[in-house]
Amino acid sequence: MQDAFIVSALRTPIGKKKGSLSEMHPADLGAIVLSETFNKIDLDPNLVEDVIYGCVDTVGPQAGDIARTCWLAAGLPEHVPGTTVDRQCGSSQQAVHFAAQAIMSGTADVVIAGGVQNMNMIPISYAMLAGQSLGFNDPFSGSSGWVKRYGKQDVSQFNSAQMIAEKWKLSRSEMENYAYHSHQKAIDAIDNGHFKDEIVTIGKFTQDETPRAETSLEKMASLNPLIEGHDITAAVSSQNADASSALLIVSEKILKEHNLNPLVRIAHISVRADDPIWMLTAPMPATEHAIKKSGITLNDIDVVEINEAFASVAMAWQKEMDYPMEKINPNGGAIALGHPLGATGARLMTTMIHTMKRSNFKYGLQTMCEGGGQANVTILENCS
């Protein structure tokens, strides 16, 4: 099996609700990072063998295989195909895994992986609800097999976040403290220029607009819960956002033939699943599986990026793994930076790669919870 290397990792600034990217067509949003990849890397785009993008709620402007549309909207070679992946919140991390598998198997030598999402244009869960006019209340309850196995329980990320908080004994104030520090870390990262090498500017839009400098623990404590009687509020949840991100993944053969400098080697990829009603717990067993299979221990891991779908998800992972909190999401997470669904996996990986290069870290681990009770894990090794 041959190695897969990432030679470029770029993303757009992250747009907030009703923000700077709210009116940008997803194809144009996803095209920006593709175009800039080949402005920065001396490699003929004709060599790309596939474009794999993550996207959720693929209706309207995100329908019709958005990966292919983004590539064409970027003005790139027409013969290059594209395909769109939906592993819910982990879609673009899975896109990286599929690209890596193509390289590792020898099926391909050059693949682009990434993701795009405009949540202002297409609201969260739109595809989940799109069948209601056709008589389908949701994707699950009409299945006799599903009902036999899981009953008629709500499949709800909000319920799951609350269940996790209760099981791991995470109080509302503890989650708010975690969320507050996510904003502070993101603001510090922006102020210190930590994102400058990974962001592709869009006109005058040059930096993430999601972190809230004005927030406070007092403001967080004043919010009503999302569900009466629960502890989960908007403050301890990820923000709806718009963004795109793309990574260029190549074989060692391409590195040598084109004299490219690799950023990282993809040291491990895997995906596991857990109870779909609990939904958001899978990063824990998935991490345990990845550590066992890779032989790389958590003591070897210098930095972790775990998606902050909710504070309880990241906090429970930290408790269960007994991993140092200061090494988790050092530049803030989705609570502060936003969670543009199909783009988030690639955004997390892009940020982790640049953190590893800047801090000379050897290993980084990325994981994220996903609909259906799933979780991807990627371990990257610094090539410098």
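Which loop trypsin sites (Lys or Arg not before Pro) in the stretch 1-60, with loop taken from DSSP, have no more than 12 other Cβ atoms within 10 angstrom of their Cβ? Before the final figure, lay out the partial values.
Numbers: sites: 11, 16, 17, 18, 40; in loops: 16, 17, 18.
Those satisfying the criteria are 18.
Shape call for the stretch 219-327 from the C-alpha gyration tensor, a ≥ b ≥ c root eigenvalues: rounded (a/c under 1.5), prolate (a/b greater than b/c) or oblate?
prolate
Along the charge dipole of the chain, pointing to its positive end and built from +1/-1 on Cβ of Lys, Arg, Asp and Glu, which listed residue (80, 241, 325) has its Cα farthest out?
325
Treating the Cα atoms of the stretch 37-114 as identical point scatterers in vacuum, please give the log10 of the normalised Debye intensity I(q)/I(0) at q = 0.19 Å⁻¹, two decimals.
-0.80
Please give every one of the lysines within straight-line cross-link reach of residue 169, meaning a C-alpha to C-alpha distance under 17 Å, and leave out same-chain neighbours fewer than 8 residues apart.
Excluding near neighbours in sequence, the set is 319.
For Cα pairs less than 8 Å apart in space and 6+ apart in sequence, what is the mean separation divided by the residue count of the chain, i.e. the relative contact order in percent?
On the way: 893 pairs, mean separation 107.3, N = 384.
The value is 28 percent.
What longest range of the chain stays clear of loop-exposed GluC sites (Glu not before Pro) (DSSP non-H/G/I/E/B, at most 14 other C-beta within 10 angstrom)? List each step's numbers first, then the result.
On the way: sites that count: 23, 78, 214, 228.
Here the longest segment lacking exposed loop sites spans 229-384.
For the stretch 157-196, which trypsin sites (Lys or Arg not before Pro) are both in a DSSP coil and crowded by at most 15 other Cβ atoms within 10 Å?
On the way: sites: 167, 169, 172, 185, 196; in loops: 169, 196.
Those satisfying the criteria are 169, 196.
Alpha carbons only, please: Rg and Dmax for the stretch 266-379, in angstrom.
12.8, 39
Given charges of +1 on the Cβ of Lys and Arg and -1 on the Cβ of Asp and Glu, with all other atoms neutral, how large is the dipole of the stretch 241-359 about its Cα centre, in debye to the nearest 20? Mind showing how you got there, number by number?
Numbers: 11 positive and 13 negative charges, 85 e Å.
Taking the Cα centre of the stretch 241-359 as origin, the dipole is about 400 debye.
Report, in whole Å, the centroid distance computed from the Cα atoms of the stretch 232-311 and the stretch 151-170.
Taking the Cα centre of the stretch 151-170 as reference, the centre of the stretch 232-311 is 23 Å away.
Determine the percent antiparallel among the DSSP beta bridges restricted to the stretch 266-379, to the nearest 5.
On the way: 12 of 17 bridges.
Restricted to the stretch 266-379, the bridges split so that about 70 percent are antiparallel.
Counting only DSSP beta bridges with both residues in the chain, what percent are antiparallel, rounded to the nearest 5? Display every interim value, and only then the final one.
On the way: 38 of 54 bridges.
Percent antiparallel among DSSP bridges in the chain is about 70.
Among 126, 153, 178, whose Cα lies farthest out toward the positive end of the dipole of the stretch 106-185, if unit charges sit on the beta carbon of Lys, Arg (+1) and Asp, Glu (-1)?
Towards the positive end, the residue furthest out is 153.
With n ≥ 4 as the cut-off for DSSP H runs, can you work out [θ] at 222 nm for the chain, using -39500 (n - 2.57) per run divided by the number of residues, rounded to the nearest 500? If you can, show how the numbers build up before the last one.
Working: 13 runs with 135 residues, N = 384.
Calculated at 222 nm, the ellipticity per residue is -10500 deg cm²/dmol.
Past 30 Å, Cα to Cα: identify those pairs from 17/196; 196/362; 204/256; 293/327, in the order given. Each step should come with its number before you reach the end.
On the way: 17/196 22 Å; 196/362 21 Å; 204/256 37 Å; 293/327 22 Å.
Over 30 Å Cα-Cα: 204/256.
Per residue, how big is the convex hull around the C-alpha atoms of the chain? Give it to me in cubic angstrom, could you?
On the way: hull volume 54.1 nm³, N = 384.
Taking only Cα atoms, the chain has a hull volume of 141 Å³ per residue.
Read the figures in this text as sums done on the coordinates, not as results from a lab. Worth saying up front: this structure is predicted, and the values here are computed from it rather than measured. Using ideal geometry, Cβ is built from the backbone for each residue, glycine included, and neighbour counts are taken over all protein chains shown.
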